[in-house]
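Have a look at the structure below, then the notes.
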Amino acid sequence: DGSAQAVGKVCIGTVKGDVHDIGKNLVKMMMEGKGIEVVDLGTDVPPEKYVETAINESCQIIACSALLTTTMSEMKDVVEATEKAGIRDKVKIMVGGAPVTEAFCKQIGADRYTADAASAADAAVELCKGA
């Protein structure tokens, strides 16, 4: 009946320079399965686009995916873009993808790293409830 309240809202995308989307698509499906509304930005997403979407769509989480080691650094740019926009305290940043690690997540100042789509969905639910 459409009256179910979404658990939260996430904007998800593959970072700038990267066009791999299988992992992102799996995460999106898993999140939707948990009742989270997902705004899919697709691939090759510049930091400003994540920030703009998070603001316009009132997302609690920005989820960034990267498959290439060469595009991982874009995730740091996303974190910095949220700081510049003044929304860093309002939005959680999740990172994932084959080359991404917990250590990298901490190093760039993101909030949560998960190794697979199922744990990403669980983490998003936790972050939305805590937000």
Taking the stated definitions as given, is Glu37 modelled with pLDDT of 95 or more, part of a helix (DSSP H, G or I) and acidic (Asp, Glu)?
no
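Can you pull out the residues in region 36-50 that are touching a residue at least 40 places away in the same chain (Cβ under 8 Å) and either in contact with a Pro (Cβ under 8 Å, 6 or more places away or on another chain) or surrounded by fewer than 17 Cβ atoms within 10 Å (Cβ to Cβ) (or both)? Reasoning before the result, please.
Taking region 36-50 first, the residues touching a residue at least 40 places away in the same chain (Cβ under 8 Å) are 36.
Correct list: empty.
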Some residue of region 88-110 being at pLDDT 95 or above, of a type in the set (S, T, N, Q) and under 11 Å from Val15 (Cα atoms):
no
I need every pair where a residue in region 85-97 that is more than 17 Å from Lys129 (Cα to Cα) has its Cβ under 8 Å from the Cβ of a residue that is in a strand (DSSP E or B) and of a type in the set (Phe, Trp, Tyr), sequence separation at least 6 or different chains.
Val95/Tyr113; Gly96/Tyr113
Within region 70-94, the count of residues that are in contact with a Pro (Cβ under 6 Å, 6 or more places away or on another chain), open to solvent by less than 20 Å² (accessible area, probe 1.4 Å) and more than 17 Å from Ile55 (Cβ to Cβ) comes to 0
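Please indicate, with yes or no, whether at least one residue in region 90-102 is in a loop (DSSP other than H, G, I, E, B) and small (Gly, Ala, Ser). Step through it out loud before you land on a result.
Initially, region 90-102 is screened for residues in a loop (DSSP other than H, G, I, E, B), giving 90-91, 97-101.
Still in the list and also small (Gly, Ala, Ser): 97-98.
Taking every residue of region 90-102 in turn, at least one turns out to be in a loop (DSSP other than H, G, I, E, B) and small (Gly, Ala, Ser).
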Anything in region 1-19 that is modelled with pLDDT of 95 or more and of a type outside the set (Lys, Arg)? List them, or say none.
Gly8, Val10, Cys11, Ile12, Gly13, Thr14, Val15, Gly17, Asp18, Val19
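Given the criterion in contact (Cβ under 8 Å) with a residue 40 or more places away in the chain, open to solvent by 10 Å² or more (accessible area, probe 1.4 Å), part of a helix (DSSP H, G or I) and within 17 Å of Val27 (Cα to Cα), identify the matching residue among Leu127, Leu67. Steps first, please.
On the way: Leu67 fails: part of a helix (DSSP H, G or I).
Step by step, each of Leu127, Leu67 is checked, and only Leu127 is in contact (Cβ under 8 Å) with a residue 40 or more places away in the chain, open to solvent by 10 Å² or more (accessible area, probe 1.4 Å), part of a helix (DSSP H, G or I) and within 17 Å of Val27 (Cα to Cα).
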Across region 18-35, what is the total count of residues that are under 13 Å from the mean Cα position of the chain (by Cα), open to solvent by less than 20 Å² (accessible area, probe 1.4 Å) and not hydrophobic (A, V, I, L, M, F, W, C)?
1
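Could you please find all residues in region 102-121 being surrounded by 14 or more Cβ atoms within 10 Å (Cβ to Cβ) and not aromatic (Phe, Trp, Tyr)?
If the condition is that a residue be surrounded by 14 or more Cβ atoms within 10 Å (Cβ to Cβ) and not aromatic (Phe, Trp, Tyr), then Cys105, Ile108, Gly109, Ala110, Asp111, Arg112, Thr114, Ala117, Ala118, Ser119, Ala120, Ala121 are the ones that fit.
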If you go through region 15-39 one residue at a time, how many are acidic (Asp, Glu) and within 21 Å of Pro99 (Cα to Cα)?
2
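The values are calculated or read from the model by the stated rules, or taken from the named source; none is laboratory data. These figures come from a predicted structure and were not determined experimentally. Positions of Cβ are generated from backbone atoms using ideal geometry, with glycine treated the same way; all protein chains shown enter the neighbour counts. Only protein heavy atoms, including side chains, enter the accessible area calculation; ligands, DNA and RNA are left aside. Shrake-Rupley method; radii C 1.70, N 1.55, O 1.52, S 1.80 Å.
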